[in-house]
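Enquirer: Structure incoming, see below.
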Amino acid sequence: GTAAAAALCLVGYHALARWSVVAYWGTLFLLALVPIFGTMRGGARRWFDLGFFSLQPSEFAKLAFILALAHFLSRPVDELRAPMNFWKAMGLLLLPCVLILKEPDLGSALVFIPSGFAMMLVAGVPRRYLLRLIGIVGVMAALILVDVLFAPPSWQIKLEEYQKQRLLVYFGQDFAPRNATPKQKAEARRLQQEKSYQAKQALISVGSGGFTGKGWREGDQTAGGFLPPGAAHTDFIFSVIAEEKGFVGSVTVLTLYSVLLFTGLRIAGQARDRLGKVLAAGVVTLLFSHIFINIGMNIRLMPVTGIPLPLLSYGGSSVLG
């Protein structure tokens, strides 16, 4: 990851933008192949097993999308006012989202939306287009929530079972249907405890750290295996930091991320052209989305989803991306 970052620092973003369309369609091609040839883990196909490395195309698709959309939006502002160009930009946004949802990977698909909207806003796409689209997305999200939480199963919109379960866990809803038998209720209670286990243990980790934490590698949740070993160094690494370094360590991490994000905003503000401004806005929004969602799910502000914490979570493709 460090080598890749150093190499990219030597390449101008205009040169990267010229190859953005190739990178974009290349990652879409890989995303289309993942459901066919990918490795199955936890009920999802998101990786290519290369033996020495597990390649997750969605991580590279995020950057390819930002480059391609920034390149497309760098055209004259007058052209961006044309409805057709707005829908072309939306097509660039929706294509990777749909392919990633097929894996399924809802978390990775969701981070494309704020990044795309922020880039279009900075580029000068008419706000009325974006406000209408945000309104439509908001209504659809509200309908899905009402559907999952209150509608009878036969009426519900088709979602992956794990997606429904995570929403039910987040809102504290019972897994059992209204007319469930005692046996079904007992099974639903067992399943609910199983699916909410990680979120509860992560919250215990954060709360038990106190002000200064328990010390390096002294966290009971991690050492005792209460916070699952497979998640402690990936999606829930912030909980480990909060337990071992406490409130002080958590605030330090948030402060460092704030410096990183504000530096990105300063770069966007000082960019010499719209391509640089839009590109920086997309990268900053992508980083913020990852940070907000990951830390949010560690402290029960967000539903649990498989989003890595940038520069901290263990990973292969996410580190290189």
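Enquirer: Could you list, ordered by first residue, the pairs with Cβ atoms under 7 Å in which the first is in the stretch 97-108 and without any contact (Cβ under 8 Å) to a residue 12 or more places away in the chain and the second is open to solvent by less than 10 Å² (accessible area, probe 1.4 Å), at least 6 apart or interchain?
Expert: Once the first residue is without any contact (Cβ under 8 Å) to a residue 12 or more places away in the chain and sits in the stretch 97-108, its partners that are open to solvent by less than 10 Å² (accessible area, probe 1.4 Å) give Leu101/Ala109.
Enquirer: Could you please find all residues in the stretch 230-264 being closer than 19 Å to Lys200 by Cβ and among the aliphatic types (A, V, I, L, M)?
Expert: Across the stretch 230-264, the qualifying residues are Ala231, Ala232, Ile237, Val240, Ile241, Ala242.
Enquirer: Can you report the number of residues in the stretch 101-120 which are within 18 Å of Phe292 (Cβ to Cβ) and open to solvent by 10 Å² or more (accessible area, probe 1.4 Å)? Reasoning before the result, please.
Expert: Initially, the stretch 101-120 is screened for residues within 18 Å of Phe292 (Cβ to Cβ), giving 105-119.
Narrowing further to those that are open to solvent by 10 Å² or more (accessible area, probe 1.4 Å): 106, 110, 113-114, 117-118.
The total comes to 6.
Enquirer: Looking at Arg189, Arg274, Arg166, Arg178 in this structure, which one is loosely packed, with under 13 Cβ neighbours inside 10 Å and of a type in the set (Lys, Arg)?
Expert: Working: Arg189 fails: loosely packed, with under 13 Cβ neighbours inside 10 Å; Arg274 fails: loosely packed, with under 13 Cβ neighbours inside 10 Å; Arg166 fails: loosely packed, with under 13 Cβ neighbours inside 10 Å.
After applying the criteria, what remains is Arg178.
Enquirer: So which residues in the stretch 193-218 are over 25 Å from Leu168 (Cα atoms), of a type outside the set (Ser, Thr, Tyr), at pLDDT 80 or above and open to solvent by 70 Å² or more (accessible area, probe 1.4 Å)?
Expert: Phe211, Lys214, Trp216
Enquirer: Yes or no: Leu260 over 28 Å from Phe53 (Cα atoms) and touching a Pro at 6+ places or on another chain (Cβ under 9 Å)?
Expert: It is true that Leu260 is over 28 Å from Phe53 (Cα atoms) and touching a Pro at 6+ places or on another chain (Cβ under 9 Å).
Enquirer: Out of (1) crowded, with 17+ Cβ neighbours inside 10 Å; (2) without any contact (Cβ under 8 Å) to a residue 12 or more places away in the chain, the odd one out for Phe52 is which?
Expert: (1)
Enquirer: Using the structure shown, decide if Val137 is touching a Lys or Arg at 6+ places or on another chain (Cβ under 9 Å), open to solvent by less than 70 Å² (accessible area, probe 1.4 Å), on the phi < 0 side of the Ramachandran plot and β-branched (Val, Ile, Thr).
Expert: It is false that Val137 is touching a Lys or Arg at 6+ places or on another chain (Cβ under 9 Å), open to solvent by less than 70 Å² (accessible area, probe 1.4 Å), on the phi < 0 side of the Ramachandran plot and β-branched (Val, Ile, Thr).
Enquirer: For the stretch 215-265, which positions are part of a helix (DSSP H, G or I), over 22 Å from Met302 (Cα atoms) and aromatic (Phe, Trp, Tyr)?
Expert: Phe262
To keep it simple, each residue is scored yes or no on (1) farther than 17 Å from Leu95 by Cα; (2) open to solvent by less than 70 Å² (accessible area, probe 1.4 Å).
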{"residue": "Leu8", "(1), (2)": "yes, no"}
{"residue": "Val11", "(1), (2)": "yes, yes"}
{"residue": "His14", "(1), (2)": "yes, no"}
{"residue": "Val22", "(1), (2)": "no, no"}
{"residue": "Thr27", "(1), (2)": "no, yes"}
{"residue": "Arg41", "(1), (2)": "yes, no"}
{"residue": "Glu59", "(1), (2)": "no, yes"}
{"residue": "His71", "(1), (2)": "no, no"}
{"residue": "Pro83", "(1), (2)": "yes, no"}
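Enquirer: Could you please find all residues in the stretch 295-321 being surrounded by 19 or more Cβ atoms within 10 Å (Cβ to Cβ), under 12 Å from the mean Cα position of the chain (by Cα), part of a helix (DSSP H, G or I) and at pLDDT 85 or above?
Expert: Listed by number, the residues that qualify are Ile295, Met297.
The values are calculated or read from the model by the stated rules, or taken from the named source; none is laboratory data. As the structure is a computational prediction, the values presented were derived from the model and not from experiment. We place every Cβ from the backbone using ideal geometry, glycine too, and count neighbours over all the protein chains shown. Each accessible area value is taken on the protein alone, full model and side chains, heavy atoms only, with ligands, DNA and RNA left out. Shrake-Rupley method; radii C 1.70, N 1.55, O 1.52, S 1.80 Å.
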